[in-house]
Each structure stands twice: as C-alpha cells, then as structure tokens.
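The values are calculated or read from the model by the stated rules, or taken from the named source; none is laboratory data. Note that the structure is predicted; figures quoted are calculated from it, not measured. Don't worry about glycine lacking a Cβ; one is built from the backbone with ideal geometry, like all the others, and counts go over all protein chains shown.
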Amino acid sequence: MVEQLDGLVFPQLHLDRGIDNKGIFIAGNYGTRGVPIARWSMIFEGLGLQAALIRDENTRRTGLNQLQARVQADLETVTTLLATAEGSLTIWGASLYTDSIQFVARAGQVETHTELAGVRLGRSDVVPYLRAAKQFLEALARYNTPGKLQNLTLTEVQISEGLAAYKKSQRIDELVKLIHQFQPLTAYLEAAASDLSDDDLWMPGAAQARQGLLDELRTFAQNAAPFPTPAFRQRLERLKRDYVERYTDLHHAYVLSQSTDAERKRMLDSKQFKQARQLVRIDLFSGSSELGGWSQVLTAIPVCPNYHPGLIGNTPTCPTCRFRAATAGTQPAQATLPTGFVESVNQALRWLRGVTIHAAEIVTALKSPTIPCTVDDLERRFTAYVQALLAQGNDRSSTRLMIE
Ligand SMILES: [Zn+2]
C-alpha cells in the first residue's frame, strides 16, 4: 500500500517518514467505506468459493482464509503451468503448438517437419491467458486481512477478465494433466514405431491415432467440452496390443526360438549337409561358393530362446535380443537362394557325379584308327569310348556327362 500512497498527494497529511504516511492513511480510511460485496461475491463465485461467507460479516474472516488458501495454491499451479507452456507442450514426439516448425528426429537423423495439417494451436492461445491469470491471483493475494477487503481496486470488468483467464488456466492445467496421463502409453508407441520399418502394416494406424490425439488435445485447449479420455485410452491400448502381436510375428520370422534353433542345428549337423560340404570341396559344381554363403546366412540368424509377448509389455523392444525390424534387413524365410544353388545341392544330395568330356576327344575316338569308316565301325568305336569312360570308375546311373 505504501507504493500507492506515494502517488497520492495530501499535502496537509504529509509527514517526513513514509511509515507515518501509511499510518495516517489507514486511520483516515478505515471504516469510512464498506466492503464492496458485489465484486467480492463475483470473485468468490468465480474461484468456486461460497460467496455467502464474504457477505456475512461474521463469516468474513473464514471466507478470507479460504480465499487466500485458494489463491496461494492456484498461484503456485499457474506459475508452474506458465513455465511449462512458455516452453513446449510435447506428446508422442510432437509439440502441441502448431505455430513453430518442429522437427522429428529418428535415429539421430532429422526426418520430417511436424504435420502442418489438422487443428491449429498457437502459443498465443495459451500463454497470455496464464500470464493474466497469474496477475489476477497476485492482485487478490494482497487482500490478506479483513481490513483490506474494502480497498478492492479491481473493477467489475477487470474481475470478469481475470476470472476468464483463471478459467482458461484451469483448462490448461487439465490439458497438462491429460498429457501426463497419456505420456507412458504414447512414449511406448513412439518407441514402437521406431522399431518397425517405415512401410510396416502397423504404421498407418499408429500415424492416424497420433494425429487424432494431437488434434483432440489442441481442440480441448480451446473449447470447453470434456476430453474423450476412455475412447482414446482404448484406441491407444488396442494399438499397443496390435504392436505386440506384430512384433511377436516379426520376432518369430527373424529370430530363432529354442525349437527352431534346434532345427537349425539338426540341419547343419545332418548327414546330407556334411555330404554336400564334402562334394563342394572337390569343386564339382558351380554352386560351391553358394553353399558356404547359405550356411553363413543360416548361422548368422540370431537366437532368442525364451521370448514371449509379455517381455515387451513395458518397453517395445525385446530386452533379450534387442531385435528391431527397422534394421533387420531381409526376412530370412523370404530370402531368395543364390542362382543355381538348389540344383547344385540336389545334385550333391543325390550322389550324382559330373564328368566333363571334351568334344575333340570324342571326335578323335570316332576317327581312329582310320577314316572314312563303315557305320558299324562308327557304332563300335562310340560304344568302346563310353565303356572306357565307365571303366574309369564312373557309375552308369549316377554319372552325368557334360561336353565342353
Ligand atoms: Zn528376443
């Protein structure tokens, strides 16, 4: 009050020391004016307090105590809210503010701008209201004794503006609580999206739900309708369940379980595989290097013996093998085998032997000892040539001839 007194000029009451001026002011005004009941009632009702308490002189002190308790608590809330709102209101990797371009970073790379479509919400739709609410509450905090109630300087217009800002601050408080409420679920879904590849079938539904939630929260900040919390919670929970199912499918496809790992061991230890490797060593067929590549690919498939969907209930990535489909490459089951590989392996597994003969050799055999010759001679010479081939240890049924 001393500041206000400094601006007033009552020459006849002026004393040398400010404290004495204050004393004179209180002595001169106390009891000369009544408490402005109508305006205080407006304030009490606007803050959700009982206006009757201030109207009745006997309950005025109680009313004042309630007012001050409310003002102090709300002032603390609004101050915190203001600091939050001046920074950013962020959920699911996006800012609720559409008036500043935000970038979404994924794996350290800036990927996209924040979506510019949808409901708009500017900082100017939030911050000025919080500032006004804070000022209003600070003004009310000064009326902390019954004697000061009569000095209310706020006009009716100022009170209704202050109350409107106060109401808006309560809305923003609810908005921030909603953000906190959805935060664990949206953080999970945000991380889930980064585990899957961009073209995964789960992605479009997640993007839609995310845009829907952002739009709904932006709308909530600007109107008075209740937030459809249960509907959104259900939608996000369903999205999470779909993710767990999808991740589990991919985990099965890319990572070996206990039983499929045993199957791999059986395959690599099998007699057939060992035989194929033996044959590869003698460089019999062109698929030799491919067999090595195939066994390397087979050996490289990771194993996660105890995976179950419950493991990704809290975090979207399997804690045991850290499998991420986004970086897993080609699905092993869909990988194409190298050209000629199947033929080569089949040949090896059937114990076939390839024998290469040169065309010139055949011609020489058919020409010797002399040419021209009879048809019978030619037939005999050819049969003799084939017999000689078999005599070199080539089995009639398992030998396959190639002519160069
Ligand atoms: Zn795993």
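Inspect region 197-209 for any residue being in contact (Cβ under 8 Å) with a residue 40 or more places away in the chain, surrounded by fewer than 20 Cβ atoms within 10 Å (Cβ to Cβ), at negative phi and assigned to a helix (DSSP H, G or I) and give the result as yes or no. The answer is no; no qualifying residue exists.
Pick from region 211-257 the residues that are within 16 Å of the ligand (Cβ to nearest atom) and β-branched (Val, Ile, Thr): which of them is nearest to the chain's Cα centre (by Cα)?
Of everything passing the filter in region 211-257, 244 is nearest to the chain's Cα centre (by Cα).
Within region 75-89, residues that are in contact (Cβ under 8 Å) with a residue 60 or more places away in the chain and polar (S, T, N, Q) reach no partner that is surrounded by fewer than 18 Cβ atoms within 10 Å (Cβ to Cβ) and not in a helix (DSSP H, G or I) with beta carbons closer than 6 Å at six or more positions or on different chains. Under the condition of being more than 9 Å from the ligand (Cβ to nearest atom), in contact (Cβ under 8 Å) with a residue 12 or more places away in the chain and out of contact with any helix residue (DSSP H, G or I) (no Cβ under 7 Å at 6 or more places or on another chain), the residues counted in region 298-307 number 1.
Right, residue 325: modelled with pLDDT of 70 or more and under 30 Å from residue 185 (Cα atoms) or not? Yes, satisfied.
In summary, residue 266 fulfils each of the numbered conditions (1) away from the ligand (no atom under 16 Å from the Cβ); (2) at pLDDT 80 or above; (3) not in a helix (DSSP H, G or I) with the single exception of condition (3).
Against the test of being surrounded by 12 or more Cβ atoms within 10 Å (Cβ to Cβ), in the same structural domain as residue 118 (by TED's automatic domain parsing) and outside any helix (DSSP H, G or I), the options 220, 232, 227 yield a single qualifying residue, 227.
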